[in-house]
1. Which members of the range 25-54 meet the condition of being in a loop (DSSP other than H, G, I, E, B) and at pLDDT below 90?
2. Which one of these is more than 29 Å from the chain's Cα centre (by Cα) and under 22 Å from Glu180 (Cβ atoms): Val162, Val149, Val133?
3. Can you go through Ser98, Ser37, Ser70 and tell me which one is in contact with a helix residue (DSSP H, G or I) (Cβ under 8 Å, 6 or more places away or on another chain) and either over 30 Å from Ser197 (Cα atoms) or aromatic (Phe, Trp, Tyr) (or both)?
4. In the range 358-386, how many residues are surrounded by fewer than 18 Cβ atoms within 10 Å (Cβ to Cβ) and under 25 Å from Lys343 (Cβ atoms)?
5. Is it true that Ala191 is assigned by the TED database to the domain that holds Asn210 and either of a type outside the set (A, V, I, L, M) or modelled with pLDDT under 95 (or both)?
6. Considering only the range 97-131, how many residues are crowded, with 16+ Cβ neighbours inside 10 Å and among the acidic types (Asp, Glu)?
7. Does the range 159-172 include one or more residues that are without any contact (Cβ under 8 Å) to a residue 24 or more places away in the chain and assigned to a loop (DSSP other than H, G, I, E, B)?
8. Restricting to the range 64-92, count the residues that are closer than 26 Å to Arg449 by Cα and out of contact with any Pro (no Cβ under 9 Å at 6 or more places or on another chain).
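The values are calculated or read from the model by the stated rules, or taken from the named source; none is laboratory data. Every value quoted in this text rests on a predicted model; they were computed, and no experiment measured them. A quick note on method: Cβ atoms are made from the backbone with ideal geometry, for glycine too, and the neighbour counts reach across all protein chains shown.
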Amino acid sequence: MELAPVRREVFDRSNDKAIAPACVLFFSDANEASTDSNMIEHIALKPSRFFSLFKIFALNRTDFKEVRQSRLKEFDWLWKVLVYGSYLDFNFIKRLKSDYSTLKEAIKVRDLITGQGVIIAGGGDKNNASDLVGKPFIDTRLDIKPYWVNPNNKKKWELDAVHRVRNQELYKAPVLLITEGVSHDLKSVSAICYRDSVYKSSLTGIKGTNQSALKALREISALLNSSFFSYFNLMTFSSSGIEREQSHDEEKLSIPFAVSEDIHSLFEAMENLTSSYYGHKNILKETNIENQISNKQAEIDKAVHNAFSLTKEELDLLDYANRVVIPAIMRHRNHEKLFSPIKEGGQELANYARLFIRRFQSRLSRKDGKFTVEIWHANQIVGMFFKVVPAKEHRGDIVWVNKRDGEREILSFLAKMGAEKITDKLFVQKDIRGFEKDYFYIFKPNERRLWHQAIGYADVNEFVDAILKAGKKGK
């Protein structure tokens, strides 16, 4: 039972940015027998609206998973997917790791060098660093932002002896600099430095050995600063979302790498925008430039996505991670809206319903009957009925039914859903799904995050599997 996603709620009196993760393990002695076929039950407790309202935790259906133990030995990153993802994320990441080389391999092929900056103290020995004295010194906290390194930096390196000087080629421009920490949305923070500068080990540098290296550095930086990186960080990196928000070099270098020809012009445009934005000496920033930066980042994200030939389903998985999971666990501004109800006619519900329409309409519709989704909508609950109606009664692929007045039909479903009490502070928030003679259905709480298309794909697959199993049994 994994508690890391709610560590801030559980240990809310801690003043440390890094809050130690916690979990509850249930295990038994295998008596030296093979455990590869053992099925591990994994429960990940997540933030919910009930905690902010009543200080109690609620588990949802998607928080429960089972996995064969051999899978975790074969794919160690699956531990992280179990916390924040689904089997769809596992398949997606597995494809990426299979189809593309890693960033580390790309760096090697392009004859780039990589390494951290100066280590001042440690180990007792001192090494000569006099060649660095007088060069500009980059302060990790002040002088680097995504796509921007302070060009007006006046700080100079003063120490002539340090513990580790590192490869001095890494202090020669142009060099790509990457912070150990990540942004509030779990993206890496990287930028190209265009003048010789010294930096500490809290920054990692990537340096080319020829003039064509600048192109490669831009490709790498765009990937690191993208929403694709934040997804991979959330789903595979060991620290973010578990203890503190950071990324280790080994993990950053393990991400898949793909080239996009559109990146270079977009990257230059972004550098110009960030130079204008951070170059202002006044504290008040121009909203217009902020919007331009946001729009340009969206273009870069799209170029990165295209480089990996992402499908619609994979794009939705990225969207769910970046717009639902990360804002919830990082407590982004207005993240509470993720737990708010969707209005009748809401686009999220329509998009969810269309997943079922695309999957079942061609199979179930016929000349005298049309497949349709009937959506029952109420403030606290949403139900969808999937059925074939007579062609003459067909009013559209999606039919909305307002149930806010609490008709008797929906009350029976509310009674079935309820919440199973585990302890005074822990409940299981249930949703229901099933089959009747002429239709199948699903009911869930009316929470925005529960009706995202990324969840919908798994729900569709579950119904398909149930139908196939029933068919094999002759039902």
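1. Here is the first cut: in the range 25-54, the ones in a loop (DSSP other than H, G, I, E, B) are 25-38, 45-48.
Leu45, Lys46, Pro47, Ser48 - these are the residues of the range 25-54 that are in a loop (DSSP other than H, G, I, E, B) and at pLDDT below 90.
2. Values: Val149 fails: more than 29 Å from the chain's Cα centre (by Cα); Val133 fails: under 22 Å from Glu180 (Cβ atoms).
Unique residue meeting the criteria: Val162.
3. Working: Ser98 fails: in contact with a helix residue (DSSP H, G or I) (Cβ under 8 Å, 6 or more places away or on another chain); Ser70 fails: in contact with a helix residue (DSSP H, G or I) (Cβ under 8 Å, 6 or more places away or on another chain).
None of the other options fit; the residue is Ser37.
4. The total comes to 3.
5. Details: assigned by the TED database to the domain that holds Asn210: yes; either of a type outside the set (A, V, I, L, M) or modelled with pLDDT under 95 (or both): no.
Here the answer is no, as Ala191 does not meet what is asked.
6. 0
7. Taking the range 159-172 first, the residues without any contact (Cβ under 8 Å) to a residue 24 or more places away in the chain are none.
No, the conditions are met nowhere in the range 159-172.
8. Start the filter on the range 64-92 by keeping residues that are closer than 26 Å to Arg449 by Cα, which leaves 64-67, 77-92.
Subset that is out of contact with any Pro (no Cβ under 9 Å at 6 or more places or on another chain): 64-67, 77-82, 85-92.
Of the residues in that region, 18 qualify.
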